[in-house]
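J.: The structure's right below; bear with me while I get my questions together.
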Amino acid sequence: MIKTIVIAAVALLALAVAVVLVLAARKPDAFSVHRSAAIKASPEKIYPLIADFRNWGLWSPWEKKDPAMKRSFSGPESGKGASYAWEGNKDVGKGSMTVADVDPPSKVALNLDFEKPFEAHNIVTFTLTPKGDTTEVVWSMEGPTPFIGKIMHVFIDMDRMVGGDFETGLANPKAAAEK
């Protein structure tokens, strides 16, 4: 009787693992998260908040998740080549960002590299488009999804997880720029 229960449990576990692996294999090879906000300020007023990593403390949701986070800046103060590295608690991990491309005051593109809690290499883009007396700010992140990431995506909705932080992040520069 016990042997039958053990065999059934092992078979059920094997089936569950197989289902997760099949679901993971069907996930896309890349992910994309986008959020936008209308900010009642000009692109010229918003752009410095994004292009200069030293200003991220005013609005970045991750800056608030670990105030004791270790930060370092290198390269130019802002614009192409500016870099920011951090190491913090489990909520922020360890990584770096480098400005890869700019088109002041309408675009900032970053290379975002995580070391912890897992390795990841993504592209982040901020696009600022004037719309009357407001600016539409679009924050997007795209990157490859290796198989281990696809397994995680079976259980975690990347858009919901990161998108919430983007929404918070967009509300913060809105408050800073509209002062």
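J.: Can you name the condition, by its number, that Ser78 falls short on among (1) outside any strand (DSSP E or B); (2) surrounded by fewer than 18 Cβ atoms within 10 Å (Cβ to Cβ); (3) polar (S, T, N, Q)?
T.: Going through (1) outside any strand (DSSP E or B); (2) surrounded by fewer than 18 Cβ atoms within 10 Å (Cβ to Cβ); (3) polar (S, T, N, Q) one by one, Ser78 breaks only (2).
J.: All but one of (1) modelled with pLDDT under 90; (2) in contact with a helix residue (DSSP H, G or I) (Cβ under 8 Å, 6 or more places away or on another chain); (3) not in a helix (DSSP H, G or I) hold for Pro67; state the number of the condition that does not hold.
T.: Result: Pro67 passes all but (2).
Here is a yes/no grid of residues against (1) closer than 17 Å to Thr168 by Cα; (2) basic (Lys, Arg); (3) under 13 Å from the mean Cα position of the chain (by Cα):
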| position | (1), (2), (3) |
| --- | --- |
| Ala41 | no, no, no |
| Leu58 | yes, no, no |
| Lys80 | no, yes, no |
| Asp103 | no, no, no |
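J.: So, one more: I'd like to check something: does the range 99-109 contain any residue that is free of Cβ contacts under 8 Å to residues at least 24 places away in the same chain, under 19 Å from His34 (Cα atoms) and polar (S, T, N, Q)?
T.: Step one: list which residues in the range 99-109 are free of Cβ contacts under 8 Å to residues at least 24 places away in the same chain, which gives 100-101, 103, 107, 109.
Going one step further and asking which of them are under 19 Å from His34 (Cα atoms), we end up with 100-101, 107, 109.
So of that shortlist, the ones also polar (S, T, N, Q) come out as none.
No; the residues of the range 99-109 include none that is free of Cβ contacts under 8 Å to residues at least 24 places away in the same chain, under 19 Å from His34 (Cα atoms) and polar (S, T, N, Q).
J.: Restricting to the range 27-41, what's the tally of residues that are assigned to a strand (DSSP E or B), surrounded by fewer than 17 Cβ atoms within 10 Å (Cβ to Cβ), modelled with pLDDT of 90 or more and of a type outside the set (S, T, N, Q)?
T.: Residues that pass the stated criteria total 2.
J.: Could you run through the range 88-101 and say how many residues are surrounded by 15 or more Cβ atoms within 10 Å (Cβ to Cβ), more than 13 Å from the chain's Cα centre (by Cα) and modelled with pLDDT under 95?
T.: Residues flagged as surrounded by 15 or more Cβ atoms within 10 Å (Cβ to Cβ), more than 13 Å from the chain's Cα centre (by Cα) and modelled with pLDDT under 95 within the range 88-101 amount to 1.
The values are calculated or read from the model by the stated rules, or taken from the named source; none is laboratory data. Model, not experiment: these values are computed from the prediction. Cβ sites come from the backbone with ideal geometry, for glycine too, and all protein chains shown count toward neighbours.
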